[in-house]
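Working notes, structure below.
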Amino acid sequence: MTWIIVVICVVVFLFAISGNSKENKKTTTIKLRKPELIIKMLNREGDLHEDEWHTYIAGVPHHAFKSDVGGFCGYVANDPNNSYDKNAVAVYSKLKLFGYIPARELADYRAWSEGAVMPCVGFIYIEDGQLRGRVKILKPCSLEFLQEGFANYINWIKDTHGEKYIPRNITWVFDQESITK
């Protein structure tokens with residue numbers, strides 16, 4: 001069942017970017033639904049130790065609901081409109097805010113990400129009656145790196161927390177017209 005979800009994520013992702021040619025590989029960018037948020041492919045091999053960031057999502061009880069429990073694909077971006085912290089870095093699924101990179105990790109995360117918008121895969125769960133979240137953030141090294149990273153994390157969620165945390169509709173969605181060449 002999980003491999004079907006992974007295949008769906010990968011197919012949607014590949015379909016969304018299929019308009020890009022190999023000649024344009026160095027300038028590949030993917031624009032997300034929010035116009036100011038752009039993920040730029042690095043077009044290099046990814047390193048599982050250096051190009052992944054794993055963390056808890058701070059503030060989940062303030063932004064998520066029980067209906068959000070489960071896996072998601074999304075992105076991480078600066079949130080300068082945050083009224084509590086202008087340096088906040090938010091974790092989104094599509095355009096839904098789930099929470100933030102924890103304050104104690106913020107300086108290290110900013111150095112690692114160099115302030116760029118990063119794709120992520122994560123999940124919201126319930127522990128001790130509280131909504132909580134975890135996220136794996138990936139540097140967009142290549143499509144293969146993202147696909148492998150997403151698939152590995154989705155399998156980890158299933159193996160660690162059970163199939164119930166993998167919704168049938170988990171996808172990485174881009175607007176077709178927002179992909180630039």
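The values are calculated or read from the model by the stated rules, or taken from the named source; none is laboratory data. Just so you know, these numbers come straight off a predicted model, no measurement behind them. Note that each Cβ is placed from the backbone with ideal geometry, even for glycine, and that neighbours are counted across all protein chains shown. When the accessible area is computed, the model is the full protein with side chains, heavy atoms only, and any ligands, DNA or RNA have been set aside. Shrake-Rupley method; radii C 1.70, N 1.55, O 1.52, S 1.80 Å.
Restricting to the stretch 113-172, what's the tally of residues that are under 15 Å from Ile101 (Cα atoms) and not hydroxyl-bearing (Ser, Thr, Tyr)? Step through it out loud before you land on a result.
Initially, the stretch 113-172 is screened for residues under 15 Å from Ile101 (Cα atoms), giving 113-124, 132-138.
Restricting the remaining residues to those that are not hydroxyl-bearing (Ser, Thr, Tyr) gives 114-124, 132-138.
Summing the residues that are under 15 Å from Ile101 (Cα atoms) and not hydroxyl-bearing (Ser, Thr, Tyr) in the stretch 113-172 gives 18.
Annotation: Glu144 fulfils all but one of (1) in a helix (DSSP H, G or I); (2) open to solvent by less than 70 Å² (accessible area, probe 1.4 Å); the unmet one is (2). Output the residues belonging to the stretch 71-106 that are part of a helix (DSSP H, G or I), among the aliphatic types (A, V, I, L, M) and farther than 27 Å from Leu143 by Cα. If the condition is that a residue be part of a helix (DSSP H, G or I), among the aliphatic types (A, V, I, L, M) and farther than 27 Å from Leu143 by Cα, then Ala103 is the only one that fits.
Among the numbered conditions (1) farther than 19 Å from Ile157 by Cα; (2) assigned to a loop (DSSP other than H, G, I, E, B), the only one that Leu48 does not meet is (1). Just to be sure before I move on: is Ile5 modelled with pLDDT under 50 and outside any strand (DSSP E or B) in the structure I sent? Taking the combined requirement at face value, the residue satisfies it. Say whether the condition of being of a type outside the set (Asp, Glu), touching a residue at least 60 places away in the same chain (Cβ under 8 Å) and farther than 24 Å from Met41 by Cβ is met by at least one residue in the stretch 103-124. Taking every residue of the stretch 103-124 in turn, at least one turns out to be of a type outside the set (Asp, Glu), touching a residue at least 60 places away in the same chain (Cβ under 8 Å) and farther than 24 Å from Met41 by Cβ. Within the stretch 89-107, does at least one residue satisfy the condition of being at pLDDT below 90 and of a type in the set (Gly, Ala, Ser)? Yes, some residue in the stretch 89-107 is at pLDDT below 90 and of a type in the set (Gly, Ala, Ser). Tell me, which residue of the stretch 57-85 that is over 13 Å from the mean Cα position of the chain (by Cα) and hydroxyl-bearing (Ser, Thr, Tyr) is most open to solvent (accessible area, probe 1.4 Å)? Applying the filter and picking the extreme gives Tyr84.
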